[in-house]
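K.L.:
One structure coming up, written as structure tokens, with questions to follow.
The values are calculated or read from the model by the stated rules, or taken from the named source; none is laboratory data. Keep in mind the model is a prediction, meaning the values are calculated, not measured. Note: ideal-geometry Cβ built from the backbone for every residue, glycine included; neighbour counts use all protein chains shown. Protein only, heavy atoms only, side chains kept; ligands, DNA and RNA dropped before computing areas. Shrake-Rupley method; radii C 1.70, N 1.55, O 1.52, S 1.80 Å.
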Amino acid sequence: QVQLVQSGGGLVQAGGSLRLSCAASGSIFSISDMGWYRQAPGNQRELVAAIFTSGDSRGYADSVKGRFTISRDNARTVSLQMNSLNPEDTAVYHCKFRVKTTLGALPVDYWGQGTQVTVSS
């Protein structure tokens with residue numbers, strides 16, 4: 001079984017920075033993409049940033065472009081550097097990996113436990 005464990009998050013003032021990390025454990029054959037999502041109360045879940053591992057392609061939501069950076073730190077770890085934070089970034093952040101556990105398996109999405117990011121004004 002695959003587990004994703006997140007670290008980071010917390011409380012920061014507007015204009016500050018935080019770094020989130022997500023590491024997978026368990027039997028993994030390959031990871032096709034790695035991403036960060038967020039959801040605030042009353043809002044739908046939003047894709048914040050993602051990496052497609054085959055070509056190391058990266059993408060960002062318009063709301064965070066230029067402020068957030070997603071990085072693959074090793075084969076099964078991804079981080080999200082968040083700079084110039086504002087109160088609108090306040091949300092629970094989850095990482096998600098699309099994983100094959102064997103060559104012939106269908107890919108399955110695995111989610112981290114989530115971490116709260118709160119930005120005060």
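K.L.:
Compute the length gained on full extension between SER25 and ALA105: take 0.36 nm times their separation in residues and subtract their Cα-Cα distance, giving the result in nm to one decimal.
P.N.:
Using 0.36 nm per residue and subtracting the Cα-Cα distance, I get 27.1 nm.
K.L.:
Would you be so kind as to identify which of THR77, VAL117, ALA40 lies farthest towards the positive end of the dipole of the stretch 38-121, taking Lys and Arg as +1 and Asp and Glu as -1 on Cβ and the Cα centre as origin?
P.N.:
Final value for the positive-end residue is THR77.
K.L.:
Using the alpha carbon gyration tensor of the stretch 43-105, what are the three equivalent-ellipsoid semi-axes (square root of 5 times each eigenvalue), largest first, in whole Å?
P.N.:
They are 25, 14, 10 Å, listed largest first.
K.L.:
Now a separate question. Heavy atoms only, probe 1.4 Å: what % of the accessible area of the chain goes to carbon and sulfur, would you let me know?
P.N.:
On the chain, the fraction of accessible area on carbon and sulfur atoms equals 50 percent.
K.L.:
Report the extension gain between SER57 and THR77 in nm, rounded to one decimal, defined as 0.36 nm multiplied by the number of residues separating them, less their alpha carbon distance.
P.N.:
Result for the pair: 5.6 nm of gain on full extension.
K.L.:
Continuing with the same structure: Quickly work out the THR118-to-GLN1 label distance, labels modelled 7 Å from Cα along the C-beta direction, and quote it in nm with one decimal.
P.N.:
3.1
K.L.:
Could you work out the per residue convex hull volume over the alpha carbons of the chain, in cubic angstrom?
P.N.:
So the per-residue hull volume is 96 Å³.
K.L.:
Separate question: So for each of 27-36, 43-52, 91-100, 105-114 I average, over its residues, the number of other beta carbons within 10 Å; can you give me the resulting order with the highest mean first?
P.N.:
91-100, 27-36, 43-52, 105-114
K.L.:
Per residue, what accessible area does the chain have, given a 1.4 Å probe and all protein chains present, in Å²?
P.N.:
52
K.L.:
Okay, next question. Relative to the Cα centre, what is the charge dipole magnitude of the chain, using +1 at the beta carbon of each Lys and Arg, -1 at the beta carbon of each Asp and Glu, and rounding to the nearest 20 debye?
P.N.:
In debye, rounded to 20, the chain gives about 180.
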